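Asks: First, the structure itself, so that you have it in front of you.
The values are calculated or read from the model by the stated rules, or taken from the named source; none is laboratory data. Please read these numbers as outputs of a predicted model, since none were measured by experiment. Because the Cβ atoms are built from the backbone with ideal geometry, glycine has one as well, and the counts that use them run over all protein chains shown. Accessible surface is based on the protein model in full, side chains and every heavy atom, while ligands, DNA and RNA are left aside. Shrake-Rupley method; radii C 1.70, N 1.55, O 1.52, S 1.80 Å.
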Amino acid sequence: MSTFSRRLLRWVIRCSIGACCASGVGAALAESAPGLGVALSEAELQATQVSIMPNGDGLPPGLGDAVAGQTVYQIRCMACHGEEGTGGINDRLVGGAGSLASSRPIKTVGSYWPYATTLFDYVRRAMPYQTPGALDDDEVYAVTAYLLYLNDIVGEHDAMSATTLPLVRMPNREGFVRVYPD
Amino acid sequence: MPNPLTPLSAAANGLMHRRLFLKAGAGLVGGSALLTAQPAAATRAAWMKAPGRPMSRYGAPSEYESSVGRIGFGVSQPGTTGSGASRTPLEYLNGVITPSGLHFERHHSGVPDIDPDQYQLLIHGLVERPLKFNLESLVRYPMVTRTQFLECSGNSRALLNRTAAPLGCGEIHGLVSASEWTGVPLSILLDEAGVTTQGRWLVAEGGDAAMMSRSVPLAKAFDDALVALYQNGERLRPENGYPARLFLPGYEGNMSIKWLRRIAVTARPAMTRDETSKYTDLQPDGTARMFTFDMAVKSVITSPSPGLVLHQPGLYQISGIAWSGRGKIARVEVSADSGKSWAEAALDEPVMSKCLTRFRAAWRWDGGPTSLMSRAIDEAGKVQPARAAYLEDNGPSTSYHCNMIQAWHVASNGDVTNVYV
């Protein structure tokens with residue numbers, strides 16, 4: 001099959017599943033694309049740190065509980081987020097349960113976040129603010145467990161891992177209404 | 001379309017019909033020449049007595065304009081640098097293009113210093129061929145240019161304050177800018193990788209220290225998304241994603257990931273922190289709207305606005321910007337009597353889709369106190385809401401997508417201030 005007919009076929013498939021439509025701005029130009037993308041090797045793909053999906057896809061091996069997480073938190077996070085996740089100079093991470101419909105909503109990991117996997121993903125990519133990437137995966141699991149524990153979502157000795165974290169049900173899981181697609 | 005029934009004096013309190021505006025404007029230019037004291041033809045001003053400065057390598061604004069700069073750039077979250085925003089000083093600009101150095105900034109962990117020789121863009125996930133591109137190869141791809149706005153969805157949040165804060169136009173609305181963006185349609189790169197039939201979304205990731213990431217519907221990626229490499233004719237500024245950024249016309253700015261390093265095609269959104277904890281719109285009942293991507297129809301008068309004093313009664317040109325994430329601006333109406341009557345403003349051509357549109361209206365100020373307002377209507381027929389109507393619909397706890405009408409109060413002494421009417 002020629003490149004063109006393969007493209008055409010993909011276009012037909014895409015439009016028939018309604019996912020997207022190549023009739024956009026790129027369509028007319030696609031035929032003059034030089035095709036310079038270089039195949040990613042299996043090793044490169046393995047080494048790529050991916051986003052963590054709500055079903056747990058992308059979570060690495062490792063584990064940690066709130067007991068271990070407290071130590072990580074006190075050394076790496078407390079200076080900015082306060083003792084036990086409140087009263088710090090930066091975002092409050094704990095509390096606010098039941099406040100969302102009030103005139104003073106308090107949005108925290110515990111009161112607002114719909115997925116526990118997001119916490120692992122975000123801390124691993126962006127925290128601690130000054131030295132992101134400094135924690136190993138066990139430490140990220142542990143500090144994730146600690147913040148969930150402080151929010152009364154998991155127990156002190158519940159180890160968070162690739163199997164347990166996606167099963168954690170966040171209190172505000174049903175609190176979001178999707179606008180897209182409208 | 002101009003309303004043929006609109007009387008020549010289009011609305012109360014000195015607003016003039018937009019067809020009169022050109023004539024009135026011409027008269028104004030002639031008139032002002034008379035008022036300005038020109039040096040007599042025989043005398044040479046100081047700068048005319050010797051050759052001026054030589055050519056320069058990279059031009060800069062006039063030193064007399066050095067007070068014009070981005071607003072609020074020095075503020076970061078406590079204990080941090082680079083976590084915050086700087087705003088475009090809208091009241092000092094005209095036309096629709098924002099100079100690159102004045103484009104607003106919103107960074108979550110500062111501006112990375114990316115070596116273009118080491119830059120890579122990865123495309124993987126639900127694709128037949130996971131690929132990487134370097135910058136040298138990206139610039140060989142077919143490109144397109146589009147002049148469009150970018151707006152942070154947290155823009156204009158100050159209007160949620162219970163009382164009108166003493167702020168200026170740029171301080172309130174300066175998280176919107178417009179540029180000429182040039183780049184490779186993302187669909188071309190996705191086609192090369194070959195999206196599989198399960199692909200519905202992509203997750204885009206930035207190469208900053210926060211590795212900012214957002215999920216984007218594939219339909220948008222195949223519609224008008226760009227991997228932008230140039231801004232206003234030159235390579236992207238570092239603050240705007242050098243060497244390559246995602247640009248999603250009309251969508252909330254946060255999704256146009258800067259310093260784009262990785263795109264994973266997925267079946268579902270990743271529910272990243274910045275599409276759950278942030279950039280979701282809390283409603284009065286405690287639920288929150290998520291994936292509110294389109295930036296709504298909006299306008300603001302940039303002149304007169306706070307800081308620009310009206311020194312005497314007479315003719316003024318009211319001027320401002322209007323935009324909509326859903327397409328072109330169809331009409332802008334202006335009121336000079338606190339919203340009691342409205343007249344249609346003239347729009348600078350060309351009116352471009354998902355771009356700022358400059359509107360203008362001639363106004364004769366009688367010297368009395370009043371409020372000036374503008375209201376935009378887009379081609380989808382959406383009308384910019386009054387503040388009260390906006391709050392009625394969204395409640396006071398939202399903090400994104402504020403598009404309510406701005407009113408500027410003009411006092412008898414010519415001072416202009418933010419006001420709620």
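Asks: The protein assembly as shown: Rg/Rh from Cα coordinates, Kirkwood Rh?
Replies: A ratio of 1.00.
Asks: Roughly how many Å² of B:Ile301 are accessible to a 1.4 Å probe, to the nearest 10?
Replies: The accessible area comes out at roughly 0 Å².
Asks: Quick one: compute the contact order of chain B, relative version, from alpha carbon pairs under 8 angstrom and 6+ residues apart, as a percent.
Replies: Working: 990 pairs, mean separation 75.3, N = 421.
In percent, rounded to a whole number, it is 18.
Asks: R0 = 30 Å: FRET efficiency of A:Val177 with B:Tyr420, Cβ-based, nearest 0.05? Show your work: numbers first, answer last.
Replies: Details: r = 29 Å, r/R0 = 0.95.
Computed FRET efficiency for A:Val177 and B:Tyr420 comes out at 0.55.
Asks: Loop-only GluC sites (Glu not before Pro) in the range A:89-182, please: DSSP not H, G, I, E or B, and at most 15 other Cβ atoms within 10 Å.
Replies: Loop-located and lightly packed - A:Glu156, A:Glu174.
Asks: Pairs B:Lys278/B:Lys298; B:Lys220/B:Lys258; B:Lys220/B:Lys278: which exceed 27 Å Cα-Cα?
Replies: Pairs exceeding the cut-off: none.
Asks: For chain B, which longest stretch is free of loop sites, where a loop site is one of the trypsin sites (Lys or Arg not before Pro) that DSSP puts outside H, G, I, E and B and that has at most 14 other Cβ atoms within 10 Å? Could you put the intermediate results ahead of the total?
Replies: Working: sites that count: B:Arg44, B:Lys49, B:Arg57, B:Arg140, B:Arg162, B:Lys340.
Answer from the scan: B:163-339.
Asks: Roughly speaking, to the nearest percent, how much of chain B's 1.4 Å accessible area is carbon and sulfur?
Replies: 55 percent
Asks: Right, another one. How much of the accessible area of the range A:54-175, in percent, comes from carbon and sulfur atoms when a 1.4 Å probe is used?
Replies: Here carbon and sulfur together make up 51 percent of the probe-accessible area.
Asks: Taking a quarter of the surface of the Cα convex hull of the range B:176-218, what do you get in nm²?
Replies: Convex hull of Cα atoms, orientation-averaged projection: 4.5 nm².
Asks: Ordered by residue, what ³J(HN,Hα) values in Hz, to whole numbers, does the range B:334-341 give under the Karplus form 6.51 cos²θ - 1.76 cosθ + 1.60, where θ = phi - 60° and Gly and Pro are x?
Replies: So the Karplus estimates, Gly and Pro as x, are 10, 10, 10, 10, 6, x, 6, 9 Hz.
Asks: With helices defined as uninterrupted DSSP H runs, which ones in chain B have an alpha carbon span along their own long axis of at least 18 Å and mean Kyte-Doolittle hydropathy of at least 0.0?
Replies: Values: long enough: B:18-35 (25 Å, 0.89).
Flagged H segments are B:18-35.
Asks: Rounded to the nearest 100 Å², what is the sum over both chains of accessible area buried where A meets B, with a probe of 1.4 Å?
Replies: By this definition, chains A and B bury close to 5600 Å².
Asks: I'd like the projected area of the range B:298-419, averaged over all directions, using the convex hull of its alpha carbons. Report it in nm² with one decimal.
Replies: 7.5 nm²
Asks: Next question. Calculate, for B:Val68 and B:Gln317, the FRET efficiency according to 1/(1 + (r/R0)^6) with r their C-beta to C-beta distance and R0 25 Å; round to the nearest 0.05.
Replies: 0.80
Asks: So if I restrict to the alpha-carbon atoms in the range A:38-121, what is the Rg, and what is Dmax, the biggest pairwise distance, in Å?
Replies: 16.9, 53
Asks: Taking N as the number of residues in chain B, what value does Rg over Cα atoms divided by 2.2 N^0.38 Å take?
Replies: 1.06
Asks: Which of the residues in the range A:140-182 lose at least 20 Å² of accessible area when you go from the chain alone to all protein chains together (probe 1.4 Å)?
Replies: Hits at the 20 Å² cut-off: A:Gly175, A:Phe176, A:Val177, A:Arg178, A:Val179, A:Tyr180, A:Asp182.
Asks: Where does the charge balance sit around B:Pro78 when Lys and Arg score +1, Asp and Glu -1, over other residues with C-beta under 13 Å from its C-beta?
Replies: Net of charged neighbours comes to 0.
Asks: Could you compute the net charge surrounding B:Cys355? Neighbours are other residues with a C-beta less than 14 Å from the C-beta of B:Cys355; K and R count +1, D and E count -1.
Replies: Local charge sum for B:Cys355: -1.
Asks: So who's got an amide H within less than 5 Å of the one on B:Ile301, skipping anything under 5 residues away but keeping other chains? H placed 1.01 Å off N, in plane.
Replies: B:Ser374
Asks: Can you tally the net charge around A:Pro34? Count Lys and Arg as +1, Asp and Glu as -1, for every other residue whose Cβ sits under 10 Å from the Cβ of A:Pro34. Show your work: numbers first, answer last.
Replies: On the way: positive: B:Arg140; negative: B:Glu192.
Net charge around A:Pro34: 0.
Asks: With a 10 Å cut-off between alpha carbons and a GNM built on chain B, which of B:Ser156, B:Ser56, B:Ser213 moves the most?
Replies: Fluctuation is largest for B:Ser56.
Asks: For B:Leu167, enumerate residues with amide H under 5 Å from its amide H, sequence gap 5+ or separate chain, H modeled in the peptide plane.
Replies: B:Asn418
Asks: Still on this structure: Once phi is turned into θ = phi - 60°, what whole-Hz ³J(HN,Hα) does the Karplus curve with 6.51, -1.76 and 1.60 give for every residue of the range A:112-121, x standing for Gly and Pro?
Replies: Running phi through 6.51 cos²θ - 1.76 cosθ + 1.60 with θ = phi - 60° gives 10, 5, x, 10, 5, 4, 4, 5, 4, 4 Hz.
Asks: Taking the Cα atoms only, what angle lies between the long axis of helix A:137-150 and the longest principal axis of chain A, rounded to 10 degrees?
Replies: 60 degrees
Asks: Pairing the Cα long axis of helix A:66-76 with the longest principal axis of chain A, what angle in degrees results, from 0 to 90 and rounded to the nearest 10?
Replies: The angle comes out at about 80 degrees.
Asks: Counting C-alpha atoms alone, how compact is the range A:60-102: give Rg to one decimal and Dmax as a whole number, in angstrom.
Replies: Rg then Dmax for the range A:60-102, in Å: 12.9, 40.
Asks: I want to check the label-to-label distance for A:Ile89 and B:Arg364. Put each point 7 Å from Cα in the C-beta direction and report it in nm to one decimal.
Replies: Going from the A:Ile89 label point to the B:Arg364 one covers 5.8 nm.
Asks: Ordering A:Cys77, B:Cys402 by accessible area with a probe of 1.4 Å, largest first, what comes out?
Replies: If we order A:Cys77, B:Cys402 from most to least accessible, we get A:Cys77, B:Cys402.
Asks: Shifting gears a bit: Could you compute how fast chain A diffuses translationally, taking Rh as the Kirkwood radius over C-alpha pairs and applying Stokes-Einstein at 4 °C with viscosity 1.567 mPa s? Give it in µm² per second.
Replies: 67 µm²/s
Asks: Right, another one. Using Cα pairs closer than 8 Å and at least 6 residues apart in sequence, work out the relative contact order for the range B:157-264, in percent.
Replies: It comes to 27 percent, rounded to a whole number.
Asks: Turning to a different aspect of this structure: Could you state the orientation-averaged shadow area of the convex hull built on the Cα atoms of the range B:116-288, in nm² to one decimal?
Replies: For the Cα atoms of the range B:116-288, the hull's average projected area reads 11.4 nm².
Asks: Where does helix A:3-17 land angle-wise versus the long Cα axis of chain A, in degrees 0 to 90, nearest 10?
Replies: On a 0 to 90 degree scale, this one is about 50.
Asks: Any idea what the relative contact order of chain A is, in percent, if you count C-alpha pairs under 8 Å spaced at least 6 apart?
Replies: Over chain A, the number comes to 26 percent.
Asks: Check A:Gly88: other-chain or 5+ apart residues with amide H under 5 Å from its amide H, H built from backbone geometry?
Replies: A:Gly82
Asks: Run the quick spin-label model on A:Arg104 and B:Lys49: label points 7 Å from Cα toward the beta carbon, then report their separation in nm to one decimal.
Replies: Each label point lies 7 Å from its Cα, and together they span 6.7 nm.
Asks: Taking only protein heavy atoms into account and a 1.4 Å probe, give the accessible area per residue of chain B in Å².
Replies: In whole numbers, chain B has 41 Å² accessible per residue.
Asks: Taking 0.36 nm per residue of separation and subtracting the Cα-Cα distance, what length does fully extending A:Asp158 through A:Thr71 add? If you can, show how the numbers build up before the last one.
Replies: Details: separation 87, 0.36 × 87 = 31.32 nm, distance 1.57 nm.
Going from the current span to full extension adds 29.8 nm.
Asks: Follow-up. Based only on the alpha carbon positions, what is the Kirkwood hydrodynamic radius of the range B:188-265, in angstrom?
Replies: 12.7 Å
Asks: I need the phi-derived Karplus couplings for the range B:314-324: 6.51 cos²θ - 1.76 cosθ + 1.60, θ = phi - 60°, integer Hz, Gly and Pro marked x.
Replies: Result, ordered by residue: x, 7, 9, 9, 7, 9, x, 10, 9, 7, 8 Hz.
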